[in-house]
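> Okay, here's the structure, questions in a sec.
All of the numbers you see were taken from the coordinates with simple rules; none came from a lab. Treat the numbers as computed from the prediction; the structure is a model and nothing was measured. Positions of Cβ are backbone-derived with ideal geometry, glycine not excepted, and every protein chain shown enters the neighbour counts.
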C-alpha cells in the first residue's frame with residue numbers, strides 16, 4: 001500500500017509541472033528559432049563583423065594622429081665639414097697679406113646621445129570620391145550579409161516547422177495506437193465472452209491477444225520516436241536537447257495561401273532574402289569597380305606636426321610645421337588588370353542573381369504544388385477515415401452475429417488505423433511544404449501562422 005502511494009505521489013510531481021507548463025505553439029517555436037538557433041546566432045555575428053568593416057572604412061574620413069619618440073645614440077658626433085678654406089691675399093696699404101691656407105675645418109652639429117619626438121596629424125583632404133565609394137561598397141556588403149543571414153534564419157524556421165509537425169505527427173500516431181488498443185481491448189472482451197459461450201474458437205482469442213501485444217510494442221517504439229523528435233526540435237531551436245516542452249495535441253488544417261503559383265514565382269524572385277542578398281552583393285561589386293577605376297586619381301593630403309630634438313648646437317630645438325601637397329601614383333602596372341578583375345566579379349554576381357531568381361521561383365512553385373497536393377491527399381485521407389470507421393462498425397456487428405471472423409475485424413481495424421495515420425501524415429506534410437514555401441517567399445513565418453490562428457479563432461466565434 002505504501003509503495004502504491006509513493007508511486008502516485010511521484011506521478012503527480014511529474015504531471016503537475018507539465019500541466020502548468022505553457023504550450024509551445026508553432027508561432028512561438030518559430031520565434032524561438034529566430035532568436036536562439038545556430039543560424040540566428042551566426043547571422044548576428046556575421047552582421048556585427050560586417051558593421052565593423054564599415055566602421056573601418058568610415059575611419060578613413062578621420063585624421064590620423066602619429067607620435068614617434070625615443071632616445072638616439074650615435075657612434076660618432078655628427079660634424080659639418082668646412083673647407084678647404086683660404087684667406088687672402090689681402091692688400092693693406094703697402095702690405096699684402098696672404099694668401100693663407102686654413103685647411104679643412106669641422107663644426108659639430110648634434111650630440112651623440114639625445115632625446116627626440118614628433119607628434120603629427122595627417123589628413124586626407126580630398127581623394128576624388130574614393131572614400132565615398134569604399135564606404136558605399138562596405139555598406140552594400142553589410143546589407144548583403146544581413147540579408148543572407150535573414151535567409152538562413154528563414155530556412156532554419158522552415159526546418160523547425162518541419163520538425164514541429166513531425167513531432168505532432170508522432171504524437172498523433174500514438175493517439176491512434178492508443179485508440180486502436182482501446183478498441184481491441186473492447187473487442188478482446190467480446191471474444192472472451194463468445195469463447196466462454198463456445199461460439200468462437202480459441203484461435204480467435206489468441207489472435208486478438210497477439211495483435212494487442214504488437215500494439216504495445218508499436219506504442220513503445222512511438223514513444224522512443226517522440227523523445228527523439230523532441231530533442232531534434234530543441235536542437236533546431238538552439239535549446240538544450242533535454243529542455244521540457246508542452247505541445248498541443250494536434251494542429252488545425254494548414255491555413256490557406258493567398259497566392260497562386262504564378263504569384264509565388266514572381267514574389268520569390270522579388271522578395272526572397274537570398275536573392276536580395278545577391279543583389280546587394282552586386283551593388284557592392286559595382287562600387288568596388290568604380291573605386292578601382294578611380295585609383296589613378298591623386299590625393300590631396302595635409303600634415304601638421306610638432307617635433308623636438310635634444311641638440312645643444314641648435315638654436316631652436318622645437319619645430320612646428322604644416323605641409324599640404326599631392327600624393328599621386330602616376331603609374332601602376334596592375335591597375336588595369338584590377339579593373340578588369342572587378343568587372344568580371346560584377347558580371348559573375350549579376351549572373352548569380354539571375355540564377356538565384358530562377359531557383360527561388362522554381363522552388364516556390366514546387367512547394368506551392370506540393371502543398372496543394374498534400375491538401376488534396378489529406379482530403380482524400382479524411383474520406384478514407386470515414387469509410388474505414390463505417391466498415392469497422394459493420395464488420396463488428398457481423399462478428400457479433402457470427403457472420404464474420406476475428407481476422408475480418410482485425411483487418412478492418414487495421415485499415416482504419418492506417419487511414420488515420422495517412423490523414424495525420426498528409427496534413428502535417430502540407431504544413432511542412434507550406435513553411436518551405438513561406439521561407440522561399442521571404443515571409444515572416446511566425447506572423448503568418450499567428451495571423452492565421454487569430455483569423456481562425458474569430459471565424460469560430
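> Tilt of helix 2-20 relative to the longest C-alpha principal axis of the chain, in degrees (0 to 90, nearest 10)?
Roughly 50 degrees, rounded to the nearest 10.
> For the chain, take the longest principal axis of its alpha carbons; what is the angle in degrees between that and the long axis of helix 130-196, to the nearest 10 within 0 to 90?
The two axes meet at around 20 degrees.
> Counting alpha carbon pairs within less than 8 Å and at least 6 residues apart, what relative contact order, in whole percent, applies to the chain? Show your work: numbers first, answer last.
Numbers: 641 pairs, mean separation 103.0, N = 461.
Taking the mean separation of contacting Cα pairs over the length of the chain, I get 22 percent.
> Between region 94-134 and region 37-51, what is the separation of their alpha carbon centroids in Å?
If you average the Cα positions of each part, the centres end up 53 Å apart.
> Convex hull over the alpha-carbon atoms of region 125-265: what's its volume per residue in Å³?
Value for region 125-265: 197 Å³ per residue.
> Can you show me the helix-derived [θ] at 222 nm for the chain, built from DSSP H runs with n ≥ 4 at -39,500 (n - 2.57) apiece and divided by the number of residues, rounded to the nearest 500.
-23500 deg cm²/dmol
> Three principal axis extents, largest first, for the C-alpha atoms of region 268-346, in Å?
Computed over the Cα atoms, the extents are 77, 30, 17 Å.
> Can you bin every Cα-Cα distance in the chain into 10 Å intervals starting at zero and give me the percent of pairs per bin, rounded to whole numbers?
4, 12, 15, 14, 12, 10, 8, 7, 5, 4, 3, 2, 1, 1, 1, 0, 0, 0
> Turning to a different aspect of this structure: Give me the percent relative contact order of region 281-330, please, defined on Cα pairs under 8 angstrom at least 6 residues apart.
Averaging sequence separation for qualifying contacts and normalising by length gives 41 percent for region 281-330.
> Test of understanding: extend the Cα→C-beta vector of residue 344 to 7 Å, then name every residue of region 120-139 with backbone N under 14 Å from that spot.
Answer for this model: none.
> Report, to the nearest 10°, how far helix 202-236 tilts away from the longest principal axis of the Cα atoms in the chain, using its own Cα long axis and a range of 0 to 90°.
Roughly 20 degrees, rounded to the nearest 10.
> From the C-alpha gyration tensor of region 287-327, pull out the three semi-axes of the equivalent ellipsoid (sqrt of 5λ each), sorted largest to smallest, in whole Å.
Sorted largest first and rounded, they come to 39, 9, 7 Å.
> Compute the length gained on full extension between residue 249 and residue 408: take 0.36 nm times their separation in residues and subtract their Cα-Cα distance, giving the result in nm to one decimal.
So the extension gain works out to 54.1 nm.
> What is the order of 357, 22, fewest Cβ neighbours within 10 Å to most?
By the 10 Å Cβ count, ascending, the order reads 22, 357.
> Given the convex hull of the Cα atoms of region 302-461, what is a quarter of its surface area in nm²?
Values: hull surface 104.7 nm².
For the Cα atoms of region 302-461, the hull's average projected area reads 26.2 nm².
> Moving on. Can you tell me the Rg and the Dmax, both Å, for the Cα atoms in region 109-149?
Radius of gyration, then largest Cα-Cα span, for region 109-149: 21.7, 64 Å.
> Further question on the same structure: If you average the alpha carbon positions of region 326-353 and of region 218-255, how far apart do those two centres end up, in angstrom?
Using only Cα atoms to place each centre, the spacing works out to 53 Å.
> How many angstrom separate the Cα center of region 266-307 from the Cα center of region 399-433?
With region 266-307 and region 399-433 each reduced to a Cα centre, they are spaced 63 Å.
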